[in-house]
Amino acid sequence: MPGFGSATGSSPTGSSLSDVTQSYNKMMTDLSANGTPKTTLEADANDFESTLKNANLQNSSLMDATQNMVASLNDGTFSQQGSQGALEGAAHQGDLQGAITPQIDGNAGMQWQDAGAFDGNSAFHTQSGDHGSLGANENILASEIADGAGQSQIANNANALEKEATNAGDTGLAQAAQNVINSLGDGTYNAKASETALNNALASAPNAG
């Protein structure tokens, strides 16, 4: 597993682990609260990106997840749960040296806490955790589909997953997400088939961890 969320395994330098964790926790607190202004989330993201760069983590999955959240705030695809899932998935993927515990409950709602071990019994299971932020977002989207979430919510999260999977070079998962979007648009949407296709695509994807 790459160190501290980094695709290259580089170790934190400059900013200490506590600086990165403090900035991350501030962003997640604001992100978890309902109605946080876009400007606040963007400011949190900018601060976190600067902290990651100072810690020599500019190529980390945490940086990717943060930049994806900012992009989604500006292109209309923002999903609170999706962004939380991506950031917590990236934190788990890089382990954050045990400082962050990612959890996703059965209703795809997000929780986070300081310290402690990763809860492998939560809906954020071992398979999705192995795939970092992509696995987290797939797990959230599949849970939303299974729970009968609104089609606009599903479409937004499917669009975000398709973009992230495409950027990561995971064509199978990107196509599965695109198929969900297409089926919602042409009236052929089938919840069970969509959920199964997404889970199968994730199971076939290379591990990100």
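Return the residues of segment 32-49 that are open to solvent by less than 60 Å² (accessible area, probe 1.4 Å) and at pLDDT below 95; say none if nothing qualifies.
The answer is Ser32, Ala33, Thr36, Phe48, Glu49.
Here is a yes/no grid of residues against (1) at pLDDT 80 or above; (2) touching a helix residue (DSSP H, G or I) at 6+ places or on another chain (Cβ under 7 Å):
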position: Gly14; (1), (2): no, yes
position: Asp19; (1), (2): yes, yes
position: Gln22; (1), (2): yes, no
position: Met27; (1), (2): yes, yes
position: Asp30; (1), (2): yes, yes
position: Asn54; (1), (2): yes, no
position: Ala71; (1), (2): yes, no
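In segment 22-44, how many residues are within 15 Å of Gly85 (Cα to Cα) and either touching a residue at least 12 places away in the same chain (Cβ under 8 Å) or β-branched (Val, Ile, Thr) (or both)?
Result for segment 22-44: 8.
With the structure loaded, tell me whether Ala149 is modelled with pLDDT of 75 or more and either under 17 Å from Ala191 (Cα atoms) or open to solvent by 30 Å² or more (accessible area, probe 1.4 Å) (or both) or whether it fails that test.
Numbers: modelled with pLDDT of 75 or more: yes; either under 17 Å from Ala191 (Cα atoms) or open to solvent by 30 Å² or more (accessible area, probe 1.4 Å) (or both): yes.
So Ala149 passes the test.
Could you tell me whether any residue of segment 163-178 is in contact with a His (Cβ under 9 Å, 6 or more places away or on another chain) and among the acidic types (Asp, Glu)?
The answer is yes, given that some residue of segment 163-178 is in contact with a His (Cβ under 9 Å, 6 or more places away or on another chain) and among the acidic types (Asp, Glu).
Does Thr77 qualify as being of a type in the set (Ser, Thr, Tyr) and either on the phi > 0 side of the Ramachandran plot or at pLDDT 80 or above (or both)? Give the derivation first.
Values: of a type in the set (Ser, Thr, Tyr): yes; either on the phi > 0 side of the Ramachandran plot or at pLDDT 80 or above (or both): no.
Spelling it out, it is not the case that Thr77 is of a type in the set (Ser, Thr, Tyr) and either on the phi > 0 side of the Ramachandran plot or at pLDDT 80 or above (or both).
Would you call Leu96 of a type in the set (A, V, I, L, M) and at pLDDT 75 or above? Step through it out loud before you land on a result.
Numbers: of a type in the set (A, V, I, L, M): yes; at pLDDT 75 or above: no.
The answer is no for Leu96.
The values are calculated or read from the model by the stated rules, or taken from the named source; none is laboratory data. Here the structure is a predicted model, which is why all the values come from computation and not from measurement. Positions of Cβ are generated from backbone atoms using ideal geometry, with glycine treated the same way; all protein chains shown enter the neighbour counts. Keep in mind that these areas ignore ligands, DNA and RNA; they rest on the heavy atoms of the full protein, side chains included. Shrake-Rupley method; radii C 1.70, N 1.55, O 1.52, S 1.80 Å.
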